[in-house]
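A short worksheet on the structure shown next.
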2 protein chains.
Amino acid sequence: MNKAEKKFREHLKREGLKSTPERMVILREVLSAKKHFNADELYESIHKHNKKVSRATVYRTIPLLVECGLIIETLRCQGRVSYERTFGFEHHDHMVCLGCGKIIEFKDDRLEELQTQICERYEFKQVEHRLGIRGYCKECVVKRLDKG
Amino acid sequence: MNKAEKKFREHLKREGLKSTPERMVILREVLSAKKHFNADELYESIHKHNKKVSRATVYRTIPLLVECGLIIETLRCQGRVSYERTFGFEHHDHMVCLGCGKIIEFKDDRLEELQTQICERYEFKQVEHRLGIRGYCKECVVKRLDKG
DNA sequence: TTGTGATTGATAGTCATTCTCAATAAAAAA
DNA sequence: TTTTTTATTGAGAATGACTATCAATCACAA
Ligand SMILES: [Mn+2]
Ligand SMILES: [Mn+2]
Ligand SMILES: [Zn+2]
Ligand SMILES: [Zn+2]
């Protein structure tokens, strides 16, 4: 049993919930699948690996993983909520390319520090923040110049 | 006819669209109603003022107002897209209180400057950005302390 | 004033997400 | 281990924000 699984099981116990095979299948898929995903992609990848978990259970389990800090809600793209696994990864922010959909992750300590200062100024107790920059990546800027 | 209305009319003409009474009712409501709103709140406030515009037309007009730069999509709260009027207002970022739903607007030039630098570093052409900080406002921090 | 194409409202459709509920299974108690 | 309690599951129905459809109507340019 790895660290993430242990963390999840402890969270479930703490909340009076049960450790079920379905929940473990979902967790393992989250840990092995691509870092950014939405509920449906998660459901699909579970089924590609020949595991059977219903869509409802996937949707029900995602909030549990969020609550226990293993994944986080990141962006909303085209009406869908997108998540990413955080366990074993550091916090970072995102750039999203409006041309090709590419996601660039970045982290800047000065940015984080500034936000902390701003929250202090407003006596606001930060839980989380999300910075999303939309625009065009290097490649797409060139493509758009070519087109005129 | 005020500046915003002129801008909207010009945008419509430029796009080969027509200036209709319904669109003008919606624009006026946007200009006079509260700064942050979602599609349904806009529809409701129009009807409270005894104007008749269908929900479909409200949904259809919002993107036109966004395209012409009079309003902007800000946050997504509980599955709803939230907008705010920008005409006559400067860019700013938001804090959202998880306790009472209050929205605090703030602007920090150093933060903006840093973001510009970061985009340059990645050769990313920024179109817009959105920083949302979630947490608890001063009042709600106190309330939560009282409860334990 | 007329002709053409855009717009409207009513309503049906879409699609992600949530709810319902009977059958089942996990964990606690015995 | 067996029983009891309670959470969980899957299937499908429901929800709700938003979008598409379409016939009737309107804006506006000529
Ligand atoms: Mn990421
Ligand atoms: Mn604002
Ligand atoms: Zn790109
Ligand atoms: Zn508050």
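Since every read-out is calculated from the coordinates, none of them should be taken as a lab result. Small disclaimer: the values here were computed from a predicted structure and weren't measured. All Cβ positions, glycine included, derive from the backbone under ideal geometry; neighbour counts span all protein chains shown.
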Check: Can you name the number of the only condition in (1) more than 11 Å from the chain's Cα centre (by Cα); (2) within 14 Å of another protein chain (Cβ to nearest Cβ); (3) away from ligand 3 (no atom under 16 Å from the Cβ); (4) not hydrophobic (A, V, I, L, M, F, W, C) that A:S82 fails?
Finding: (1)
Next item on the list: Determine which single condition A:E120 fails, assuming it passes every other condition in (1) without any contact (Cβ under 8 Å) to a residue 12 or more places away in the chain; (2) facing chain B (nearest Cβ under 10 Å).
Entry: (2)
Note to self: Tell me whether the stretch B:106-115 contains one or more residues that are more than 16 Å from ligand 2 (Cβ to nearest atom), of a type outside the set (K, R) and surrounded by 12 or more Cβ atoms within 10 Å (Cβ to Cβ).
What the structure shows: yes
Notebook entry, point to check: Residues of the stretch B:91-131 being within 16 Å of DNA strand D (Cβ to nearest atom) and among the small types (G, A, S), which ones?
Noted result: B:G101
Note to self: Whether any residue in the stretch B:81-94 is part of a strand (DSSP E or B) and surrounded by fewer than 16 Cβ atoms within 10 Å (Cβ to Cβ) is what I want to check.
What the structure shows: yes
Next item on the list: Among residues belonging to the stretch B:1-50 that are more than 14 Å from DNA strand D (Cβ to nearest atom), under 20 Å from B:E105 (Cβ atoms) and free of Cβ contacts under 8 Å to residues at least 12 places away in the same chain, point out the one that is farthest from the chain's Cα centre (by Cα).
Entry: B:S32
